[in-house]
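Read through the structure below, which is laid out as C-alpha cells, and then see the notes.
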Amino acid sequence: MSKKDLGLLILILVVGAVVTAINPRFLSAINLANTSNLVALFGILSIGQAFVIITGGIELSVGSLIALLGTLFIDFIAVRELDWPLAFVVIIVLGAVIGFVHGWLITRLKLQPFVVTLCGLLIYRGVARFYTADGTAGFAFGQNFPTLEFLTAGRSYGLPNSFIALIVIAIVMWVVLHRSVFGRYLYAIGKNEEAAKYSGIRTGRIIIAAYVICGVLTALSAIYFAMYTRSISPASHGQFYELYAIAAAVLGGFSLRGGEGSLVGVILGTVLLQELQNLVNLLGIPSSLNFAVMGGVILIGVLVDQQWGVFRARRRMIEATRQNVAGAPAE
Amino acid sequence: MAHRLLSGAMTSTDTTHPDTAPFLSLEAVRKTYPGVVALDRFSMEVRPGEVIGLVGENGAGKSTLMKILGGVTRPDSGTITVDGVAHDGLTVEQSIGSGIAFVHQELNLFENLDVAANIFFGREPLKAGPLRLVDRAKLRDMVAPLLKRVGANFSADAPVASLSLAQQQMVEIAKALSIRARLVILDEPTSSLPMAETEKLLDVIKGLKAQGISVIFISHRLHEIERVADRVVVLRDGTLAGTLAKDRINHDEMVRLMIGRMLKEREKAGEATRAPGSVALSAEAIRTSTYPDRPVSIELRRAEILGLAGLVGSGRTELARVLFGIDERLAGSVTLDGKPLNVGSAADAVANGIFLVPEDRKLTGILLDLSIAQNITLPNLPAHARRSLVSPGAELATAEKQKKNLGIKAPSVLTRTGTLSGGNQQKVVLAKWLAMNPKVMILDEPTRGIDIGAKAEIYGLMRALADAGVAVLMISSDMEEVIGVSDRIAVMHEGQISGILDKDDFSQENVLLLAVGKKPKLLQAAGGVQ
C-alpha cells in the first residue's frame, strides 16, 4: 500500500470515528451492510473507470449504460422471460461490445475519449428511455429469481454477496493492473503513449482492451444496480454515476492525464465517497447538500495531496543540496 | 543606452554604402557553455541596407550568435555596438527596441487568426470606450502599407492557415517591419520552401534591401546566398572562418571556408573488423508523407555501419520512421533477408528485429517516469513473464546484465530514468534493444546532447553491433561523426538519396556537396580504373 493509499485510509477511519462519535448508528450492522453493498456496486463501476483513466482516457457514458443495460436486463428476465444466466451473459457481452466500439472510435478513428463517451452518455440514455417508452422497467408482483437475488442482494456470513463479489473482482483486477504484462503496458501508455509505441507496444489494442474491461465491469454493476433497485425509470436511473466513478478514481490518486493510480486507491476512494453520503444522512445534514459535501471533500483532498507533493519535492531538493555541500570537500 | 533608435533611418533611400556607419557591429564576442566554446573572438558588422549571408555547418555557432543578437543569452566578453551605442550584451527588450527582428524557420503565427491580427497581435488599435474593441478599420489601414512593402499578393483579412509557407514568411517579415525593424534576421527561411516560393522570398529580401533595411540571411542553400548576399560571413567551430566580399562569393569558396581543415580528432568507432555481409534490409522506391513525390531506395548490409547524412529536413528521420513502422509507407516495398516484409506498426518492426533509437530521446526513446529495468524490458515484456504475469526476477536479471554491459551509471536498475544524464538515458534506449536480438538497428542522432565520454562508448557499441553481424543505420548531422563512424555514407537531399560515398571518397566536402544536391568529387571517375 502506497503512502497515498495509507493517507486515504486514515482519512476514512478518522471521518468514520467522528461520525460514530456523533451518531453511533454509523457502526450498526444494518448501516454497515447497506453501506458496504453500495461500496460494492460503485466499486465495481469505479474499477472499470480506473482502467480507462489510467490510459489517459475517460468514460462518461457509464451512468447512461447502467440505465440502458439495467433496463434491458430486467426486461429480458421479467418481460421476455429469458433464463437469467443467459440474460446475464447477453448483458455482459453487450457491455464488452460497447466498450470495444468506444475504444475503436478512440484509437482507430482518433476521436477524443471525452467526445466519444459524451455522445455515448446521450445516446444510451435516450435509447433506454425510448425502449421503455419513458416508462418504468420492473418485476411483476410475485416474480422471483431466488438464485439471482441471493447472488446480488443476499448475504453470506453477514456480508452482502455484492461486497464479496467486489473483493474477488478487486483482487483479480489488482493482479491484472499491478502484476501483469497488460497492466505494465497500461501504465506505460498512460505515461507516454508515443514512447510506448516506439517500444513496439500495440498501443491501440491495449487501449481498446481497457475500454472493453470498463464496459464489462459497467455491465456487471448495471445488473447489480438493477437487482438493488428492482425497478428502473431510465430517465434518472444511474444519473451522474460516471461522476461518482471518476471522483472515486481521482480521490484514489489517479491522474486524469493517465499513468498514475492504484487499485487499492480507487477502492478506498469509493469507500470514502459512500462514507460521505452516509454521513450526510446520519448527521441530519439536508440531503440537498449531498453533492456539495462530496465536491468539497474531493477538492480539499486533491489540494492537500498536491500541496503535499510540492512540499515533499522541495524537501527532497533541500536535502540533496545539503548532501552536495556536505559531500563536496570529500571529493 | 540605445535611445537614438528610430531617428529617421527609415527615410534613407541609400543602400549599401561601404562608408556609412554600420548599424550593428560585433567585436571579439565570446560565449562559452560548460565544456564548450560556442563562439570565440567573433567579429562582424552589418551596414544599413546590406544583405549578409551567414553560413556554417550544424554546430558552428550560428544559433549562439542568433541568441546573442536576440538578447536571449549574454556573451561572456566582447562588445556589441548597435547604432553607435556599445553594449556588453543585449537584453531582449534592447534587441527589439533597437530594431532587430527575427524570422525563424519555425514560424510563430496563429494559424487560426487572419493576417492583420497576426501582425499587430497584442498591439491592436482600439476603439474608444470601456469595451476596448479592436478598431478593424484602423488595423487594416496600418497593415496595408506593410503588406505592400513585402510585396504581398494576399489581403490583410486572409486567414493565415490559407497562405502558403512563403506567404506566411511574408507575414512574419511584415510583422518585423511593423516594429520598425532595421535588421531582419532570416533563419533558414527557405529550407521548407519549394522552388517557386523561394523565388518570392528572395525578391522580398531584395525589396528590404532597397528600403535600407539590413538582412542577415542564414541558409544551407548556398546558391541562394550566392544570389542575394552582398557579403558572406562563414562560421566554423565558433570562430569567424572568413568573410567573402560580393565579387568573391561563390559556392566552392564557401564550402572551403566551412570545412577549412582536415578532420581534427577523428571520432572513432573503430575500424570494421569484417567485410560487410549480405543485404539485410532493402527498401525499394518507398515514399514518405513528407516527400510523397520522391521515392527513396536504400540497402542496409549486415555487419556494416551506414551513415545517413543530409541537412535538417532532408527526409532522413521520415525515412527511419517509415522503416520502423511509425509512419505509413505510401508506396514501394521493403524486404528483410530477401523476403518481403510488411511493417504496419512499430510492433511489427520490433517483432522482425528492426529497432529504432529515435531522435527525441525524452519524448519517444524512453519513459522518464519508469525505472531503468521497466524501460529495458518494455519491448520484450512477454519474455519476462510467466502466464502473462511479469516475473520481477527475470526482469531484474535482464536489467542488471544490460546495466553492467553498457556501463549505465545509476544507483540501481530501479532508478527512474528521468533522473539520469543524457548519455545514460541513451544507453537505456540502446540497452532495451540490445537485450533482444537486433537484425537491423536504426539510430537517429544517437549522440545528440551527450557528453564526449558517453559518445565514444556509444560509437563502440555501434561497432560491436556491426561486428556481431547487425545492419546499422546511423542518421547524424554531425559531420565528423558521420565520417569517423560510418563504413559507407548515404546522403539525402530534399527527400531523396543524392549519393552514396565509399570509404575512399569520405570527405566533409563531398558530404556537403551531396547534401546541397551537387556532385561529389570522387577518386574514381565513372568507369574508373580498378
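The values are calculated or read from the model by the stated rules, or taken from the named source; none is laboratory data. All values reported here derive from a predicted model rather than from experimental measurement. Every residue, glycine among them, receives a Cβ derived from its backbone with ideal geometry; neighbour counts consider all protein chains shown.
Odds and ends about this structure:
- Positions within the range A:151-194 being of a type in the set (Gly, Ala, Ser) and within 7 Å of another protein chain (Cβ to nearest Cβ), in sequence order: A:Ser180, A:Ala188
- Top-ranked residue in the range B:22-70 [being of a type in the set (Lys, Arg) and crowded, with 17+ Cβ neighbours inside 10 Å; ranked as farthest from B:Val103 (Cα to Cα)]: B:Lys31
- Listed conditions (1) surrounded by 20 or more Cβ atoms within 10 Å (Cβ to Cβ); (2) within 20 Å of A:Ala210 (Cα to Cα); (3) modelled with pLDDT of 90 or more are all met by A:Gly253, apart from (3).
- Restricting the range A:137-172 to residues that are assigned to a helix (DSSP H, G or I) and small (Gly, Ala, Ser) leaves a set whose member that is surrounded by the fewest Cβ atoms within 10 Å (Cβ to Cβ) is A:Ala153.
- Strands (runs of 3 or more DSSP E) wholly inside the range B:39-99 that include at least 3 residues being under 26 Å from the mean Cα position of the chain (by Cα): B:51-55
- Complete set of residues in the range A:247-264 that are assigned to a helix (DSSP H, G or I) and either more than 11 Å from A:Gly43 (Cα to Cα) or more than 13 Å from the chain's Cα centre (by Cα) (or both): A:Ala247, A:Val250, A:Leu251
- Yes/no for B:Leu193 being part of a helix (DSSP H, G or I), in contact with a helix residue (DSSP H, G or I) (Cβ under 6 Å, 6 or more places away or on another chain) and at pLDDT below 90: no
- Within the range A:212-233, at least one residue is closer than 25 Å to B:His384 by Cα and out of contact with any Leu (no Cβ under 6 Å at 6 or more places or on another chain).
Residues checked against (1) touching a helix residue (DSSP H, G or I) at 6+ places or on another chain (Cβ under 9 Å); (2) among the β-branched types (Val, Ile, Thr); (3) surrounded by 22 or more Cβ atoms within 10 Å (Cβ to Cβ); (4) closer than 26 Å to A:Ile206 by Cβ:
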| site | (1), (2), (3), (4) |
| --- | --- |
| A:Gly48 | yes, no, yes, yes |
| A:Ile53 | yes, yes, yes, yes |
| A:Thr71 | yes, yes, yes, no |
| A:Ile98 | yes, yes, yes, yes |
| A:His102 | yes, no, yes, yes |
| A:Thr117 | yes, yes, yes, yes |
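- Condition met for B:Asp203 (of a type outside the set (Ser, Thr, Tyr) and surrounded by fewer than 16 Cβ atoms within 10 Å (Cβ to Cβ)): yes
- Taking the range B:194-207 as the range and being over 24 Å from B:Pro292 (Cβ atoms) and out of contact with any Lys or Arg (no Cβ under 8 Å at 6 or more places or on another chain) as the test, the residues that pass are B:Asp203, B:Val204, B:Ile205, B:Lys206.
- Residue list for the range B:400-439, filter: part of a loop (DSSP other than H, G, I, E, B) and small (Gly, Ala, Ser): B:Gly407, B:Ala410, B:Ser412, B:Ser421, B:Ala435
- Total residues in the range B:342-362, condition at pLDDT 90 or above and outside any loop (DSSP other than H, G, I, E, B): 10
- Residue check, B:Ala410 surrounded by fewer than 21 Cβ atoms within 10 Å (Cβ to Cβ), more than 14 Å from chain A (Cβ to nearest Cβ), more than 25 Å from B:Arg301 (Cα to Cα) and hydrophobic (A, V, I, L, M, F, W, C): yes
- Only residues that are surrounded by 20 or more Cβ atoms within 10 Å (Cβ to Cβ) and over 16 Å from B:Pro382 (Cβ atoms) were counted in the range A:194-206, giving 3.
- Within the range B:318-328, considering residues that are away from every other protein chain (no Cβ under 11 Å) and surrounded by fewer than 22 Cβ atoms within 10 Å (Cβ to Cβ), the one nearest to B:Ala346 (Cα to Cα): B:Asp327
- For the range B:366-394, filtered to residues that are more than 7 Å from chain A (Cβ to nearest Cβ), buried (at least 23 other Cβ atoms within 10 Å of the Cβ) and not polar (S, T, N, Q), the residue that is farthest from the chain's Cα centre (by Cα) is B:His384.
- Residue, surrounded by the fewest Cβ atoms within 10 Å (Cβ to Cβ), within the range B:455-469, restricted to residues that are under 22 Å from the mean Cα position of the chain (by Cα) and not basic (Lys, Arg): B:Tyr459
- Residue check, B:Ala181 touching a Gly at 6+ places or on another chain (Cβ under 9 Å), buried (at least 22 other Cβ atoms within 10 Å of the Cβ) and of a type in the set (Gly, Ala, Ser): yes
Let's see how each residue does on (1) within 14 Å of chain B (Cβ to nearest Cβ); (2) in contact (Cβ under 8 Å) with a residue 24 or more places away in the chain; (3) touching a His at 6+ places or on another chain (Cβ under 8 Å):
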{"position": "A:Ala196", "(1), (2), (3)": "yes, no, no"}
{"position": "A:Gly200", "(1), (2), (3)": "yes, no, no"}
{"position": "A:Gly204", "(1), (2), (3)": "yes, yes, no"}
{"position": "A:Val212", "(1), (2), (3)": "no, yes, no"}
{"position": "A:Leu220", "(1), (2), (3)": "no, yes, no"}
{"position": "A:Phe225", "(1), (2), (3)": "no, yes, yes"}
{"position": "A:Tyr228", "(1), (2), (3)": "no, yes, no"}
{"position": "A:Ser231", "(1), (2), (3)": "no, yes, no"}
{"position": "A:Ala235", "(1), (2), (3)": "no, yes, no"}
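- B:Gly499 vs. criteria without any contact (Cβ under 8 Å) to a residue 40 or more places away in the chain and assigned to a strand (DSSP E or B): yes
- From the list A:Leu68, A:Leu86, A:Leu45, the one residue that fits, being over 23 Å from the mean Cα position of the chain (by Cα) and either over 14 Å from A:Glu275 (Cβ atoms) or modelled with pLDDT under 95 (or both), is A:Leu86.
- Subset of the range B:371-387 (residues that are in contact (Cβ under 8 Å) with a residue 40 or more places away in the chain and either among the small types (Gly, Ala, Ser) or under 15 Å from A:Arg179 (Cα atoms) (or both)): B:Ser371, B:Ala373, B:Thr377, B:Leu378
- Restricting the range B:144-182 to residues that are among the basic types (Lys, Arg) and assigned to a loop (DSSP other than H, G, I, E, B), the residue that is nearest to B:Gly212 (Cα to Cα) is B:Arg182.
- Qualifying residue in the range A:237-246 (condition: surrounded by fewer than 20 Cβ atoms within 10 Å (Cβ to Cβ), charged (D, E, K, R) and away from chain B (no Cβ under 14 Å)): no
- Residue within the range B:470-488 that is surrounded by fewer than 20 Cβ atoms within 10 Å (Cβ to Cβ), modelled with pLDDT under 90 and among the aliphatic types (A, V, I, L, M) present: no
- Close pairs from the range B:335-364: first facing chain A (nearest Cβ under 8 Å), partner part of a strand (DSSP E or B) and surrounded by 20 or more Cβ atoms within 10 Å (Cβ to Cβ), Cβ under 6 Å, at least 6 apart: B:Leu356/B:Ile442; B:Pro358/B:Asp444
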